[in-house]
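A quick write-up on the structure given underneath.
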Amino acid sequence: MASKELKEVLLLDQKIFEDERGYFLESFNKKIFEKSIGAPREFVQDNVSLSKKNVLRGFHYQMKPFEQGKLVRVLQGSILDVVVDIRKNSNSYGDHCSYIIDSKKNNSLWIPEGFAHAFLALSEETIVYYKTTNFYSKDHEITIPWDDKNICFNWPVSKEDMILSEKDSKNTISLKEFWDQQK
């Protein structure tokens, strides 16, 4: 599938106010966020993960009724975040886009419901913080292989150098199998 801009996935930049003491950053403002995405959203859970360099997590997704929108930011280090459209009736089904999320840039990424995402830690220690619009449900989660041939994303690290969890390397469903289940 194609790598292209997915209009619903938004890279958001926050204003940083710096002076000789350091900086101040408003990391989340509901009014500004909802104006940016054009719709109201309520976040119900915040998560933090610590990853060593070359840890790859994903592609993760939760099925209905536990679909999650995610607002992802990096508190330390940087990640390559890859998002795949897996909405059944979407014209961009299977298309993907990628972004660098970096603690120095203080940017964040909005990933709406209906999109799977994965990230690769690019720094020695990376701390990722993300808000979700729904609660975690083990019974509703799926993992699409990071190297799914239908996504065709060219990761900048070799398979031998990647660090994967057992879940991300074995308990997966291909994008085609996911599609067939949705029909």
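Quickly run through the range 16-33 and pick out the residues that are within 13 Å of Lys105 (Cα to Cα) and of a type in the set (A, V, I, L, M).
Correct list: Ile16, Leu25.
Whether any residue in the range 51-67 is of a type in the set (D, E, K, R), open to solvent by 30 Å² or more (accessible area, probe 1.4 Å), part of a loop (DSSP other than H, G, I, E, B) and modelled with pLDDT under 95 is what I want to check.
Filtering the range 51-67 down to residues of a type in the set (D, E, K, R) leaves 52-53, 57, 64, 67.
Going one step further and asking which of them are open to solvent by 30 Å² or more (accessible area, probe 1.4 Å), we end up with 52-53, 57, 64, 67.
Those still in the list that are part of a loop (DSSP other than H, G, I, E, B) too: 53, 64, 67.
Those still in the list that are modelled with pLDDT under 95 too: 64.
Scanning the range 51-67, I find at least one residue that is of a type in the set (D, E, K, R), open to solvent by 30 Å² or more (accessible area, probe 1.4 Å), part of a loop (DSSP other than H, G, I, E, B) and modelled with pLDDT under 95, so the answer is yes.
If you check Ser123 against the conditions, is it open to solvent by 20 Å² or more (accessible area, probe 1.4 Å) and either over 27 Å from Trp179 (Cα atoms) or part of a strand (DSSP E or B) (or both)?
Values: open to solvent by 20 Å² or more (accessible area, probe 1.4 Å): yes; either over 27 Å from Trp179 (Cα atoms) or part of a strand (DSSP E or B) (or both): yes.
Against the criterion (open to solvent by 20 Å² or more (accessible area, probe 1.4 Å) and either over 27 Å from Trp179 (Cα atoms) or part of a strand (DSSP E or B) (or both)), Ser123 qualifies.
Starting from residues that are among the hydroxyl-bearing types (Ser, Thr, Tyr) and either assigned to a strand (DSSP E or B) or in contact with a strand residue (DSSP E or B) (Cβ under 6 Å, 6 or more places away or on another chain) (or both), keep the ones in the range 81-120 and report whichever is nearest to Gln181 (Cα to Cα).
Step one: filter the range 81-120 for residues among the hydroxyl-bearing types (Ser, Thr, Tyr), giving 90, 92-93, 98-99, 103, 108.
Right, trim to either assigned to a strand (DSSP E or B) or in contact with a strand residue (DSSP E or B) (Cβ under 6 Å, 6 or more places away or on another chain) (or both) and you get 92-93, 98-99, 103, 108.
Values: Ser92: 18, Tyr93: 14, Ser98: 26, Tyr99: 29, Ser103: 38, Ser108: 32 Å.
Of everything passing the filter in the range 81-120, Tyr93 is nearest to Gln181 (Cα to Cα).
Can you tell me which residue is surrounded by the fewest Cβ atoms within 10 Å (Cβ to Cβ) among those in the range 162-183 that are among the basic types (Lys, Arg) and more than 16 Å from Ile86 (Cβ to Cβ)? Step through it out loud before you land on a result.
Going through the range 162-183, the residues among the basic types (Lys, Arg) turn out to be 167, 170, 176, 183.
Cutting the leftovers down to more than 16 Å from Ile86 (Cβ to Cβ) gives us 167, 170.
Working: Lys167: 13, Lys170: 10.
For the range 162-183, the residue satisfying everything is Lys170.
Quick one: in the range 39-50, which of the residues that are of a type in the set (A, V, I, L, M) and assigned to a strand (DSSP E or B) is nearest to Glu124 (Cα to Cα)? Don't jump to the end; show me each part of the working.
Just the residues of the range 39-50 that are of a type in the set (A, V, I, L, M), to begin with: 39, 44, 48, 50.
When the remaining residues are screened for being assigned to a strand (DSSP E or B), the result is 48, 50.
Details: Val48: 16, Leu50: 10 Å.
Result: Leu50.
Say we look at the range 153-183 and pick out the residues that are out of contact with any strand residue (DSSP E or B) (no Cβ under 8 Å at 6 or more places or on another chain) and in a loop (DSSP other than H, G, I, E, B); which of these is nearest to Lys64 (Cα to Cα)? Can you show your working first?
Going residue by residue through the range 153-183, those that are out of contact with any strand residue (DSSP E or B) (no Cβ under 8 Å at 6 or more places or on another chain) are 154, 158-161, 166, 169-170, 174, 176-177, 179-183.
Next cut, in a loop (DSSP other than H, G, I, E, B) only: 154, 158-161, 174, 183.
Details: Asn154: 29, Ser158: 34, Lys159: 31, Glu160: 34, Asp161: 34, Ser174: 18, Lys183: 15 Å.
By that ranking, first place goes to Lys183.
Which residue pairs have Cβ atoms under 6 Å apart, sit 6 or more places apart or on different chains, and have a first residue in the range 44-72 that is closer than 20 Å to Ser27 by Cβ and of a type in the set (Val, Ile, Thr) and a second that is open to solvent by 30 Å² or more (accessible area, probe 1.4 Å) and not in a loop (DSSP other than H, G, I, E, B)?
If the second residue must be open to solvent by 30 Å² or more (accessible area, probe 1.4 Å) and not in a loop (DSSP other than H, G, I, E, B), the pairs left are Val48/Tyr129; Val72/Tyr130.
Does the range 138-161 contain any residue that is open to solvent by less than 30 Å² (accessible area, probe 1.4 Å), out of contact with any helix residue (DSSP H, G or I) (no Cβ under 7 Å at 6 or more places or on another chain) and at positive phi?
No: the range 138-161 contains no residue that is open to solvent by less than 30 Å² (accessible area, probe 1.4 Å), out of contact with any helix residue (DSSP H, G or I) (no Cβ under 7 Å at 6 or more places or on another chain) and at positive phi.
The values are calculated or read from the model by the stated rules, or taken from the named source; none is laboratory data. All values derive from a computational prediction rather than experimental measurement. Here Cβ is always computed from backbone atoms with ideal geometry, including for glycine, and neighbour counts include all displayed protein chains. All accessible areas refer to the heavy atoms of the entire protein, side chains included, with ligands and DNA or RNA removed. Shrake-Rupley method; radii C 1.70, N 1.55, O 1.52, S 1.80 Å.
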